[in-house]
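Trainee: If you scroll down you'll find the structure; I have some questions about it.
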């Protein structure tokens, strides 16, 4: 059972998203986030690097050790750039781990189609690995579509016999672009962000729940680099997989976990009861979110040299 504050927050989210859900609009495409000048915390250094044409935001704690770093693949589909929510996540990662955080701020646009964003993130990671991250322990973290970008990059690294990050953190992964999982039906009225209004029958509106993103273009949604849910994960590093129980896409995370375990990966899967997509990022003040962040920090500390 979730906390009272989480229950109230969930109700507020349902009310806020109702106009979008009623008209079957994509939140990432429809919700406009105001851009504000970023001021990093006083105990952090902030810089923006140009890595092979891609902007990478670097946040470094003043007491950071130089042996371990975190690479963030942010979510938001291909329509949301780095914003306050992702920067707050980077701040939290930097604060609790004392690791430098490298956030790949890939180019966005409604007109983009695969493999544009995937290729950009892969190239940026490779250049980081060869340059600023050379010789360091690397933990990669992604949320939502960022998990897709992160896993796709790692699959390419493995297939090219290049080193992978030491650990992977997958939060509310959106990795099955064919949307085949049963959670899309199970949670079609429960998800506070993406569900159907209760007066809209599932059978008549299934295509809006199992939404197909135009980013696929002419590529099959079953392609393993576009939909990593259909990939094989042999020779992959340890994984931490988190999602909310009520996500329409919760089965994406379950598919990843089962695929990883079947390949012998040391994977941990935690499904947080009563919670929603990206709750750790959206509502970090909740008790449940703090528990999730504690699990994330403990996972990262496993890889830091003592």
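The values are calculated or read from the model by the stated rules, or taken from the named source; none is laboratory data. Computed from a prediction, not measured in an experiment: that's the story for all the values here. A quick note on method: Cβ atoms are made from the backbone with ideal geometry, for glycine too, and the neighbour counts reach across all protein chains shown.
Trainee: Modelled with pLDDT of 95 or more, surrounded by 18 or more Cβ atoms within 10 Å (Cβ to Cβ) and either assigned to a helix (DSSP H, G or I) or in contact with a strand residue (DSSP E or B) (Cβ under 9 Å, 6 or more places away or on another chain) (or both): does that describe residue 114?
Mentor: In short, no.
Trainee: Looking only at residues that are under 17 Å from the mean Cα position of the chain (by Cα) and part of a loop (DSSP other than H, G, I, E, B) in the stretch 265-306, which one is nearest to residue 89 (Cα to Cα)?
Mentor: 284
Trainee: Out of the stretch 294-306, which residues are touching a residue at least 60 places away in the same chain (Cβ under 8 Å), surrounded by fewer than 18 Cβ atoms within 10 Å (Cβ to Cβ) and within 24 Å of residue 82 (Cα to Cα)?
Mentor: Within the stretch 294-306, 297 is the sole residue that qualifies.
Trainee: Residues being farther than 24 Å from residue 74 by Cβ and surrounded by fewer than 17 Cβ atoms within 10 Å (Cβ to Cβ): count how many of those fall in the stretch 161-189.
Mentor: Total satisfying the criteria: 6.
Trainee: Moving on. So residue 8 fits all but one of (1) closer than 24 Å to residue 135 by Cα; (2) exposed (fewer than 13 other Cβ atoms within 10 Å of the Cβ); what number is the exception?
Mentor: So the condition that residue 8 fails would be (1).
Trainee: Further, regarding this structure: Does the stretch 75-84 contain any residue that is without any contact (Cβ under 8 Å) to a residue 60 or more places away in the chain, in a helix (DSSP H, G or I) and either surrounded by fewer than 23 Cβ atoms within 10 Å (Cβ to Cβ) or on the phi > 0 side of the Ramachandran plot (or both)?
Mentor: Checked against the condition, which is being without any contact (Cβ under 8 Å) to a residue 60 or more places away in the chain, in a helix (DSSP H, G or I) and either surrounded by fewer than 23 Cβ atoms within 10 Å (Cβ to Cβ) or on the phi > 0 side of the Ramachandran plot (or both), the stretch 75-84 yields at least one hit.
Trainee: Further question on the same structure: Please specify each residue of the stretch 87-99 satisfying the condition of being touching a helix residue (DSSP H, G or I) at 6+ places or on another chain (Cβ under 9 Å), surrounded by 22 or more Cβ atoms within 10 Å (Cβ to Cβ) and modelled with pLDDT of 95 or more.
Mentor: Hits for the stretch 87-99 are 89, 93.
Trainee: Which condition breaks for residue 226 when tested against (1) part of a strand (DSSP E or B); (2) buried (at least 20 other Cβ atoms within 10 Å of the Cβ)?
Mentor: Of the numbered conditions (1) part of a strand (DSSP E or B); (2) buried (at least 20 other Cβ atoms within 10 Å of the Cβ), the odd one out for residue 226 is (1).
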